[in-house]
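A short worksheet on the structure shown next.
Quick note: the coordinates plus some simple rules give every number you see, no bench work behind them. Please read these numbers as outputs of a predicted model, since none were measured by experiment. Using ideal geometry, Cβ is built from the backbone for each residue, glycine included, and neighbour counts are taken over all protein chains shown.
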Amino acid sequence: TQLLEQSPQFLSIQEGENLTVYCNSSSVFSSLQWYRQEPGEGPVLLVTVVTGGEVKKLKRLTFQFGDARKDSSLHITAAQTGDTGLYLCAGVGYNAGNMLTFGGGTRLMVKP
Amino acid sequence: EAGVVQSPRYKIIEKKQPVAFWCNPISGHNTLYWYRQNLGQGPELLIRYENEEAVDDSQLPKDRFSAERLKGVDSTLKIQPAELGDSAVYLCASSLEWTSGIYEQYFGPGTRLTVT
């Protein structure tokens, strides 16, 4: 079983602050995805990283895939209240077809 | 383009009662997934369909859960009888056929089940 651990589990910050959340595993993934989920909704895909060491930017969000393809991070610059939500990482293992293994999530609250 | 549609959005039942959830995937998506998401946790896969065939149901509690995807489009997930521990959000997702390890799953809003 491939497990993904996310940290921190909860994060409460003030608007304008920067933050980083982490997604770690002992397993190697062929690709890794980040989702954001708002209350009462399903997860929405933010980004897919495929290459070890890859960095992708989505406005104020920066995603990095570890060189060894076992971990990933999400950095948010100047957080806004609209960034509030549950951030989930999900990995695709080798020979796993299109199976996603989700981490437990980081619940972010950005206060005005 | 319409997204993944699920109904009902909320369901409250007493334990030992049956319940069914319905999912309509995005048009053209041949892969359909049912996930269960417990409060404060990430989704866990219950079953995956490729067209009408269940290709992975290893995590589906088969003593009380069943699923079908007749005609390879809509799908239903049923629980009979429901237990208190089944309270969760049941998410449906769909995707195009997986190629080269890069694909996207599109999730519906989920059905929040409360078993009392």
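Two numbers describe the Cα atoms of region A:13-112: Rg and Dmax, which are 13.4, 45 Å. Summary: within chain B, the longest segment free of trypsin sites (Lys or Arg not before Pro) located in DSSP loops with at most 16 other C-beta atoms within 10 Å is B:65-116.
Can you work out the FRET efficiency for the pair B:Asn38 and B:Val5, with r the C-beta to C-beta distance and R0 = 22 Å, to the nearest 0.05? Could the numbers behind the result be given before it?
Working: r = 23 Å, r/R0 = 1.04.
The pair B:Asn38/B:Val5 has a calculated efficiency of 0.45.
Exceeding 29 Å between C-alpha atoms, which entries from my cross-link table qualify? They are B:Lys11/B:Lys62; B:Lys15/B:Lys71; A:Lys70/A:Lys111; A:Lys56/B:Lys11.
Values: B:Lys11/B:Lys62 21 Å; B:Lys15/B:Lys71 31 Å; A:Lys70/A:Lys111 32 Å; A:Lys56/B:Lys11 39 Å.
Those over the limit are B:Lys15/B:Lys71; A:Lys70/A:Lys111; A:Lys56/B:Lys11.
Placing unit charges on the Cβ atoms of the charged side chains and taking the dipole of chain B about its Cα centre, the candidate lying farthest along the positive direction among B:Thr114, B:Leu32, B:Ala20 is B:Thr114.
Obtain the radius of gyration and the Kirkwood radius of the protein assembly as shown from its C-alpha atoms and give Rg over Rh. Provide the component values of the computation, followed by the final result.
Values: Rg = 17.6 Å, Rh = 18.1 Å.
Ratio of gyration radius to Kirkwood radius for the protein assembly as shown: 0.97.
If you restrict to DSSP beta bridges whose two residues both lie in region A:5-111, what percentage is antiparallel, to the nearest 5? Counting DSSP beta bridges with both partners in region A:5-111, the antiparallel share is about 90 percent.
Using the count of nearby Cβ atoms within 10 Å as a rough guide to exposure, how do A:Tyr35, B:Tyr10 rank from fewest to most? Walk me through the numbers before you get to the answer.
Values: A:Tyr35 24, B:Tyr10 12.
Least crowded to most crowded, the residues run B:Tyr10, A:Tyr35.
From other protein chains only, count the Cβ atoms within 10 Å of every residue's Cβ in A:32-41, then give the mean. The partial results should precede the final answer.
Working: counts 0, 4, 0, 4, 0, 7, 1, 0, 6, 6.
Across the residues of A:32-41, the mean count of other-chain Cβ atoms within 10 Å is 3.
Springs between Cα atoms under 10 Å define the GNM used for chain A, and in it the highest mean-square fluctuation of A:Ala90, A:Ala79, A:Ala68 occurs at A:Ala68.
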